[in-house]
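Accompanying notes for the structure given below.
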Amino acid sequence: MFDYLRGVITKIRANTLVLDIHGVGYLLNVPVNLLNKVHLDEEALFPVHTVWREDSVDIYAFENDEQKLLFQRLVSISGIGPKMAMAVLSTLSVNEFRQAVMENDYNLIATAPGIGKKTAQRLILEFRNKMGEDTELSALLSPPDEKIIDSDEVYQAMLSMGCSANEAKNAVTFARKQLGDKASIEDLIRTSLQYLKGGPIS
């Protein structure tokens, strides 16, 4: 219903704020770390996501569109509701979540309240599986400074094994970062495959 809301912040609470828009106060659920970046009586614009229920309408607001997209992809996973998704966003920045997915660091995600290690592992696996078919998610989670060219031998090997272009680039980027420039092609392929399977990287 709403893509964003712009107004004046009139109340700041533990994990919510009130945004006055033409005399109407909208209660917004926000990540805790966002509260440190806003002030009373200032005008602000927030990307928002609305959750409709039979007995309520909840509005979730975010620092930027990246954070909003991550929230939307989190709640699309079975068993992950808005409360748990906000716990993740309140604990980790988008960059930290990206790093956790790239490095299979479920312990980092498990630092969010209510997220156990098994749930964290499932989140990483779900996000990796979605990256090949979800272009917005792939752009969000792909390292911005790493580029894999089409002539890359490891990248081509991954494509020949049936990986999509996004899956192959993400996996090879991770493997090269993990093993370094002097790694053999065989080791890079092995680590790339382990990355896609969501298993431990040895």
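Residues in the stretch 26-70 that are part of a loop (DSSP other than H, G, I, E, B), among the polar types (S, T, N, Q) and either under 25 Å from the mean Cα position of the chain (by Cα) or buried (at least 19 other Cβ atoms within 10 Å of the Cβ) (or both): 64 only.
Here the condition is being of a type in the set (Phe, Trp, Tyr) and under 24 Å from residue 196 (Cβ atoms); of 46, 97, it holds for 97 alone. Scanning the stretch 74-128 for residues that are farther than 25 Å from residue 173 by Cα, of a type in the set (S, T, N, Q) and touching a Pro at 6+ places or on another chain (Cβ under 8 Å) yields 90, 91. Given the condition farther than 27 Å from residue 68 by Cα, part of a helix (DSSP H, G or I) and at pLDDT 80 or above, answer yes or no: does some residue in the stretch 136-154 qualify? There is at least one residue in the stretch 136-154 that is farther than 27 Å from residue 68 by Cα, part of a helix (DSSP H, G or I) and at pLDDT 80 or above.
Output the residue which, of all residues in the stretch 159-178 that are in a helix (DSSP H, G or I) and more than 24 Å from the chain's Cα centre (by Cα), is farthest from residue 136 (Cα to Cα). In this case the residue turns out to be 160. When residue 23 is tested against the conditions (1) of a type in the set (Gly, Ala, Ser); (2) in contact with a strand residue (DSSP E or B) (Cβ under 8 Å, 6 or more places away or on another chain); (3) surrounded by fewer than 12 Cβ atoms within 10 Å (Cβ to Cβ), the lone failure is (2). Just so you know, in the stretch 71-103 the residues that are farther than 18 Å from residue 35 by Cβ, among the hydrophobic types (A, V, I, L, M, F, W, C) and within 9 Å of the chain's Cα centre (by Cα) include one that is modelled with the highest pLDDT, and it is 74.
The values are calculated or read from the model by the stated rules, or taken from the named source; none is laboratory data. Just so you know, these numbers come straight off a predicted model, no measurement behind them. We place every Cβ from the backbone using ideal geometry, glycine too, and count neighbours over all the protein chains shown.
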